[in-house]
Amino acid sequence: MIGRLLGGRYQIEQAVGGGGMSVVYRALDTVLGRRVAVKVLRSQFGDDADFIRRFRREAQAAASLSHPNIVNIFDVGTDGDDHFIVMEYVEGHTLKEWIQQRGPLPVEEVVEIGRQVCAALAHAHDRGIVHRDIKPHNILITDARVVKVTDFGIARAITANTITYAGSVIGSVHYFSPEQARGEMTDIKSDIYSLGVVLYEMVTGHLPFSGDSPISVALKHVREPLVEPRQLNPGIPQSMENVILRAMAKNPLDRYDSVKEMAEDLDVVLELRDVPKFVPQHGDGQSEETRLYTPVSGAENNADRKAADEAAKPRRRGWFYVKRAALWTLAVLLVMAVLGVGAYYAFTTWMRVPDVTMPNVVGKPYADAVAQLTQSGFSQNNIQRVDMPSNAVPPGAVFKQDPDAGITVKANRSITLWVSIGQETVAMPAVENMPLSQAKQLLKQNGIPDSQIAVNYEYSDQPKDTVIRQYPREEVAVVPGKDQVQLVVSQGPQLVTVPNVVGSTEQDARQQLTAAGLTVGKVQTQPDYKAPSGVVIQQAPYKPGDQVPKGRAVDLWVSSGYPQDAKTAVFPVVVAIPAGHSPVQVKIVVTDARGANQTVVSETTSVSKVYPVQVVLSPDTGADIKWYVDGQQQGEKVIPYNGT
């Protein structure tokens with residue numbers, strides 16, 4: 001099976017579990033690109049019509065349920081001789097594994113797990129579905145501590161007949177309710193009892209009853225008193241024990257009326273720890289003559305059969321009881337005679353039912369399909385409708401039928417038609433502000449593969465590879481495999497180079513910053529000896545040449561002119577050149593309040609010349625003028641602040 005493409009869609013990867021009836025595999029849905037769990041009926045049951053009917057009933061029962069604490073059913077199908085169900089794949093562990101690894105669980109965890117199981121069962125019970133096999137093996141816990149109930153394989157509608165196989169009661173004997181062990185009709189209170197056993201195992205680390213064989217364990221559920229949880233774990237509060245004792249009461253009348261009522265008690269377990277102990281008000285739910293219902297087969301050992309017979313014997317002796325036994329024997333014989341006549345009548349009636357070839361109604365509107373089936377000789381009362389999403393046909397049309405077309409069946413055969421309610425949709429999850437890889441993983445978990453996701457990048461102040469917008473928006477319905485999902489992802493901020501605007505006028509500086517993709521921040525003015533009024537003397541916080549995100553602000557400091565105590569003066573510098581002399585290089589250097597060694601004149605001339613040189617003086621700094629001809633100093637003038 002490993003590596004096989006089941007149904008042309010599900011790539012089997014590995015076996016992850018199984019039971020006596022089926023094997024569960026992890027698989028890849030090659031259409032939607034998501035992991036799924038595929039339950040495949042064991043090959044030895046492929047030709048067994050009763051098993052196949054029960055296997056399909058599992059899918060129908062579970063597919064009608066939609067709840068966060070119930071494993072979803074995605075698909076059901078047949079590939080050759082293999083019948084399979086496709087379910088949600090849950091990453092995590094079974095509750096049984098948790099108990100085995102950790103022993104008794106903390107009461108807080110027990111309460112939380114119990115509440116989530118109650119929520120799942122309440123959803124099923126409200127829809128007429130009884131699980132009938134609640135046990136830790138069928139309770140999954142995800143890595144996020146979400147509880148999911150699975151394996152509604154022996155669930156049934158309350159209004160339908162009890163499901164059995166080969167005369168045996170279905171379920172796991174360690175978690176049986178007494179009425180299941182006796183082979184009686186079961187209802188929601190059987191699920192409550194089984195959940196009580198699960199709670200018992202969680203708080204104690206032990207099963208309430210054990211034995212050498214399934215029959216001996218079932219007998220104990222019916223007959224023997226319970227070892228109370230606080231005897232095994234005195235640390236649990238009385239309120240917690242009360243929930244378990246009431247759920248596991250042998251008489252259904254003493255149990256909770258619903259799992260909702262049970263959940264209400266779990267809600268207050270931690271608040272009301274010390275409460276009076278629960279005491280059942282009714283008997284054990286069986287009379288002296290009640291016998292445990294157990295299947296009889298060659299595989300049973302004599303000890304088990306003897307134990308069952310001994311348990312069924314009256315505890316008192318006497319002529320009165322002998323007479324009563326005789327009356328019971330007579331009554332049983334009469335019932336058997338009536339049943340025999342009824343069976344003969346039913347058989348002969350069935351033999352008179354005509355054979356009909358099943359028509360093909362797939363693709364037809366439901367009303368047309370029903371009309372064609374009734375024209376073929378089937379009764380409309382025997383046609384069951386199951387509404388499910390389908391991408392194969394329009395809404396309202398049949399996309400699957402059972403029995404398949406071309407099969408010859410009796411005219412009174414039950415027929416199931418699966419009718420499309422439209423394309424399968426999922427609610428678009430919220431992925432904005434998530435890393436792209438995490439967003440894709442979440443979309444994949446919701447059935448949206450990479451091939452359905454378009455990614456566009458743009459500059460943003462958000463961290464690189466963060467989703468900044470999504471289309472469609474959150475909670476909008478999306479058709480997996482069809483609707484396109486668009487994610488706008490940050491590629492980080494766009495970087496620009498900071499220009500040098502020191503020495504430029506304020507107006508020029510603003511233009512340069514805007515052209516570079518930056519903005520002007522605060523502008524302050526201050527006096528300055530070196531720069532005339534209106535010239536930028538400082539920029540911050542970024543230095544020229546820095547790479548910064550586009551749109552950042554640069555603050556400017558602009559000169560308001562010389563300080564008030566500054567003095568300015570102009571002194572003539574005379575450079576004499578003899579007549580007819582060849583051209584010479586003239587250089588004049590000024591040191592004043594504006595700075596040292598400022599070259600104010602540098603030229604070549606062949607004539608004498610007077611150069612007016614301006615200087616700026618401060619109270620702390622005078623002025624010094626030096627002039628050079630062909631590199632040789634020709635003169636110097638020192639000007640003190642107070643000498644002007």
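The values are calculated or read from the model by the stated rules, or taken from the named source; none is laboratory data. No experiment lies behind these values; they were computed from the predicted model shown. Cβ: placed from backbone, ideal geometry, glycine included. Neighbour counts: every protein chain shown.
Only one of Val431, Val476, Val455 is crowded, with 16+ Cβ neighbours inside 10 Å, in contact (Cβ under 8 Å) with a residue 24 or more places away in the chain and either aliphatic (A, V, I, L, M) or assigned by TED's automatic domain parsing to the domain that holds Pro389 (or both); which?
Residue meeting the stated conditions: Val431.
Which of the residues spanning the range 591-644 are over 21 Å from Pro563 (Cβ atoms), of a type in the set (A, V, I, L, M) and part of a loop (DSSP other than H, G, I, E, B)?
Scanning the range 591-644 gives a single hit, Val607.
When you scan the range 181-221, how many residues do you find that are at pLDDT below 85 and basic (Lys, Arg)?
Result for the range 181-221: 1.
Based on what the data block shows, is Leu487 crowded, with 17+ Cβ neighbours inside 10 Å and under 30 Å from Gly33 (Cβ atoms)? Spell out the reasoning first.
Numbers: crowded, with 17+ Cβ neighbours inside 10 Å: yes; under 30 Å from Gly33 (Cβ atoms): yes.
Against the criterion (crowded, with 17+ Cβ neighbours inside 10 Å and under 30 Å from Gly33 (Cβ atoms)), Leu487 qualifies.
Are any residues in the range 19-41 under 17 Å from Arg56 (Cα atoms) and either polar (S, T, N, Q) or in contact with a strand residue (DSSP E or B) (Cβ under 6 Å, 6 or more places away or on another chain) (or both), and if so, which ones? Reasoning before the result, please.
Residues of the range 19-41 that are under 17 Å from Arg56 (Cα atoms), as a first pass: 19-24, 37-41.
Across the range 19-41, the qualifying residues are Ser22, Val23, Val24, Ala37, Val38, Lys39, Val40, Leu41.
What residue, among those in the range 435-486 that are of a type in the set (Val, Ile, Thr) and at pLDDT 90 or above, is farthest from Tyr10 (Cα to Cα)?
My answer is Ile468.
Yes or no: Leu95 in the same structural domain as Ala27 (by TED's automatic domain parsing) and either under 29 Å from Val203 (Cβ atoms) or among the basic types (Lys, Arg) (or both)?
Against the criterion (in the same structural domain as Ala27 (by TED's automatic domain parsing) and either under 29 Å from Val203 (Cβ atoms) or among the basic types (Lys, Arg) (or both)), Leu95 does not qualify.
Can you tell me which residue within the range 61-106, out of those that are over 24 Å from the mean Cα position of the chain (by Cα), under 23 Å from Tyr10 (Cα atoms) and not acidic (Asp, Glu), is surrounded by the fewest Cβ atoms within 10 Å (Cβ to Cβ)?
Gly80
What residue, among those in the range 9-39 that are within 13 Å of Asp75 (Cα to Cα) and modelled with pLDDT under 90, is surrounded by the most Cβ atoms within 10 Å (Cβ to Cβ)?
Lys39
Tell me yes or no: at least one residue of the range 593-609 is touching a Ser or Thr at 6+ places or on another chain (Cβ under 9 Å), among the β-branched types (Val, Ile, Thr) and outside the structural domain of Tyr459 (by TED's automatic domain parsing).
Looking through the range 593-609, none of the residues is touching a Ser or Thr at 6+ places or on another chain (Cβ under 9 Å), among the β-branched types (Val, Ile, Thr) and outside the structural domain of Tyr459 (by TED's automatic domain parsing).
Pull up the range 215-262, narrow it to residues that are in a helix (DSSP H, G or I) and basic (Lys, Arg), then point me to the one that is surrounded by the most Cβ atoms within 10 Å (Cβ to Cβ). Even if it seems obvious, please write down each step before you answer.
As a first pass, look at the range 215-262 and keep what is in a helix (DSSP H, G or I): 215-223, 229-232, 238-247, 252-254, 259-262.
Retained after the next criterion (residues that are basic (Lys, Arg)): 220, 223, 230, 246, 260.
Numbers: Lys220: 21, Arg223: 15, Arg230: 18, Arg246: 19, Lys260: 14.
If we take residues in the range 215-262 being in a helix (DSSP H, G or I) and basic (Lys, Arg), then Lys220 is surrounded by the most Cβ atoms within 10 Å (Cβ to Cβ).
Out of Thr497, Thr525, report the one residue that is β-branched (Val, Ile, Thr) and either over 11 Å from Ser559 (Cβ atoms) or surrounded by fewer than 14 Cβ atoms within 10 Å (Cβ to Cβ) (or both).
Thr497
Given Gly183, Gly196, which one is of a type in the set (Gly, Ala, Ser) and either over 31 Å from the mean Cα position of the chain (by Cα) or part of a loop (DSSP other than H, G, I, E, B) (or both)?
Gly183
Residue-by-condition table, conditions (1) buried (at least 18 other Cβ atoms within 10 Å of the Cβ); (2) in contact with a Ser or Thr (Cβ under 9 Å, 6 or more places away or on another chain); (3) not in a loop (DSSP other than H, G, I, E, B):
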{"position": "Val362", "(1), (2), (3)": "no, no, no"}
{"position": "Asp368", "(1), (2), (3)": "no, no, yes"}
{"position": "Asn381", "(1), (2), (3)": "no, no, yes"}
{"position": "Gln384", "(1), (2), (3)": "no, yes, yes"}
{"position": "Asp387", "(1), (2), (3)": "no, yes, yes"}
{"position": "Ser390", "(1), (2), (3)": "yes, yes, no"}
{"position": "Pro394", "(1), (2), (3)": "no, yes, no"}
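Considering only residues that are among the aromatic types (Phe, Trp, Tyr) and either surrounded by fewer than 16 Cβ atoms within 10 Å (Cβ to Cβ) or in a strand (DSSP E or B) (or both), which ones fall in the range 549-582?
Passing the criteria: Trp557, Phe571.
Return the only residue of Glu108, Glu97, Glu91 being at pLDDT 85 or above, of a type outside the set (A, V, I, L, M, F, W, C) and in contact with an Asp or Glu (Cβ under 7 Å, 6 or more places away or on another chain).
Numbers: Glu108 fails: in contact with an Asp or Glu (Cβ under 7 Å, 6 or more places away or on another chain); Glu97 fails: in contact with an Asp or Glu (Cβ under 7 Å, 6 or more places away or on another chain).
The conditions single out Glu91.
Against the condition farther than 20 Å from Val16 by Cα and either at pLDDT 85 or above or not small (Gly, Ala, Ser) (or both), how does Asp126 come out, does it pass?
yes
Given the residues Asp546, Asp624, Asp620, which is the only one that is assigned by TED's automatic domain parsing to the domain that holds Lys522, out of contact with any Cys (no Cβ under 9 Å at 6 or more places or on another chain) and at negative phi?
Asp546
Just a yes or no: is a residue in the range 399-419 part of a loop (DSSP other than H, G, I, E, B), in contact with a helix residue (DSSP H, G or I) (Cβ under 7 Å, 6 or more places away or on another chain), of a type in the set (S, T, N, Q) and not assigned by TED's automatic domain parsing to the domain that holds Arg35?
yes
Hey, could you check the range 144-180 for residues that are modelled with pLDDT of 70 or more and polar (S, T, N, Q) and say which is farthest from the chain's Cα centre (by Cα)?
Initially, the range 144-180 is screened for residues modelled with pLDDT of 70 or more, giving 144-152, 172-180.
If we keep only those that are polar (S, T, N, Q) as well, we get 150, 172, 177, 180.
Working: Thr150: 16, Ser172: 30, Ser177: 34, Gln180: 36 Å.
For the range 144-180, the residue satisfying everything is Gln180.
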